[in-house]
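What follows is one structure encoded as structure tokens, with my remarks underneath.
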Amino acid sequence: MADGAIIVGGSSGIGEALARELAEDGYVVGLAARRTERMRRIGSELATKSYVATMDVTDPEDAREGFFQLAEAMPSVDLVVVSAGVADVNYDLEWASERRTIDVNVRGFAAIATAAISYFEERSGRAGETAGHLVGISSVAGRFGNGGTQAYNASKAFVSRYLEGLRTRQAGSGGDVTITTIEPGFVDTEMSYGSFWQCSPETAAKQIVRAIRKEKTHAYVTRRWRLVAWVLSLVPNAILRRALS
């Protein structure tokens, strides 16, 4: 039986590129997002069989129910990638924008991540079944606060720390679900707000799939962003604030 992957946020950007890359790698792909017709079109172009589930992660309970229904519809789910996200620029601190970022990037992310872990842990108790692999798309932006994108940067810090907590939980419970944190820099998508060291979604997807194959706990995309993360860890906050203002 072919491996199966669910990609939440699979209708565009990194999620769409990952769907295509994983299908080329032999995965049966489940696409979950709001844009149903777009997902159907993407699914029809994949090299393997695809499944589609309409999902709005701003409604966490409905999204979790949709996730479990999609997982049960597929022959196998061995990999879950949570790629859904928004990146509003909001210097005026409009609450609707801040709330949307939190609803999608924090509440929605946690809802699907916990659903995936629950699914894998329940399945690993069945005879002949193995645990799975959860991948969360965070960002290098989560390593610093930035005016205008304060909610986005903070939400990605949440994603990274949440995944770190899930790994610690796995180690403490003896679980065997692999958990990978992906920190992209600038990727040429609708969400990108910079061009420095920017890569295409296809390049990002290839590097993410490489990290999945190696079962890494953490990977930067592209890998040169490791240097930026290292520099950010050394620069005092006061200097960093002046540089970003």
Taking only protein heavy atoms and a 1.4 Å probe, the highest-to-lowest accessible-area order of His133, His218 is His218, His133
Env charge @ Arg38, Cβ radius under 12 Å, K,R +1 / D,E -1, value +1
Given a 1.4 Å probe, the accessible area of region 4-244 per residue, as a whole number of Å², is 46
Classified through the alpha carbon gyration tensor (a ≥ b ≥ c as square roots of its eigenvalues; rounded if a/c is under 1.5, else prolate when a/b is larger than b/c, else oblate), the chain comes out prolate
For region 62-116, listing GluC sites (Glu not before Pro) in a DSSP loop whose Cβ sees at most 13 other Cβ atoms within 10 Å gives Glu94
Percent relative contact order for the chain, counting Cα pairs under 8 Å at least six residues apart, stands at 17
Under a 1.4 Å probe, counting only protein heavy atoms, Thr149 has an accessible area in Å², nearest 10, of 10
In region 4-244 the accessible area split gives carbon plus sulfur, as whole percent at 1.4 Å, a share of 50
A correct Karplus calculation of ³J(HN,Hα) over region 104-116, with 6.51 cos²θ - 1.76 cosθ + 1.60, θ = phi - 60°, whole Hz and x for Gly and Pro, returns 7, 7, 10, 5, x, 4, 4, 4, 6, 4, 5, 4, 5
Output for region 9-118: chymotrypsin sites (Phe, Trp or Tyr not before Pro) sitting in coil per DSSP, at most 16 other Cβ within 10 Å, listed by number, reads Tyr91
Once amide hydrogens are built 1.01 Å from N within the peptide plane, the residues lying 5 or more places from Asp25 or on another chain with amide H under 5 Å from its amide H are none
Once the in-chain neighbours fewer than 8 apart are removed, the lysines whose Cα is under 26 Å from Lys49 read Lys206, Lys214
Per the 1/(1 + (r/R0)^6) rule, R0 = 30 Å and r from the Cβ atoms of Val235 and Glu37, FRET efficiency to 0.05 is 0.10
Shape call for region 139-239, from the Cα gyration tensor axes a ≥ b ≥ c (a/c under 1.5 means rounded, otherwise prolate when a/b beats b/c, else oblate), comes out oblate
HN-Hα couplings for region 147-161 via Karplus (6.51, -1.76, 1.60; θ = phi - 60°), in whole Hz with x for Gly/Pro, come out as x, x, 10, 4, 5, 5, 4, 5, 5, 6, 4, 4, 4, 4, 5
Other residues with Cβ under 10 Å from the Cβ of Ser160 give, with Lys and Arg +1 and Asp and Glu -1, a net charge of +1
For region 12-17, in residue order, the Karplus 3J(HN,Hα) values (coefficients 6.51, -1.76, 1.60; θ = phi - 60°; whole Hz; Gly and Pro = x) are 6, x, 4, x, 5, 4
Net charge (Lys, Arg +1; Asp, Glu -1) of residues whose beta-carbon lies under 10 Å from that of Ala23, Ala23 excluded, is -2
Counting sequence-distant residues (5 or more places) and residues on other chains, those with an amide H built under 5 Å from that of Val135 are Val80, Val81, Val82, Thr180
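The values are calculated or read from the model by the stated rules, or taken from the named source; none is laboratory data. A quick note: this is a predicted structure, and the numbers were derived from the prediction, not measured. Reconstructed Cβ throughout: ideal geometry from the backbone, glycine too, with neighbour counts over all protein chains shown. Please note that ligands, DNA and RNA were not included when accessible areas were found on the heavy atoms of the full protein model with its side chains. Shrake-Rupley method; radii C 1.70, N 1.55, O 1.52, S 1.80 Å.
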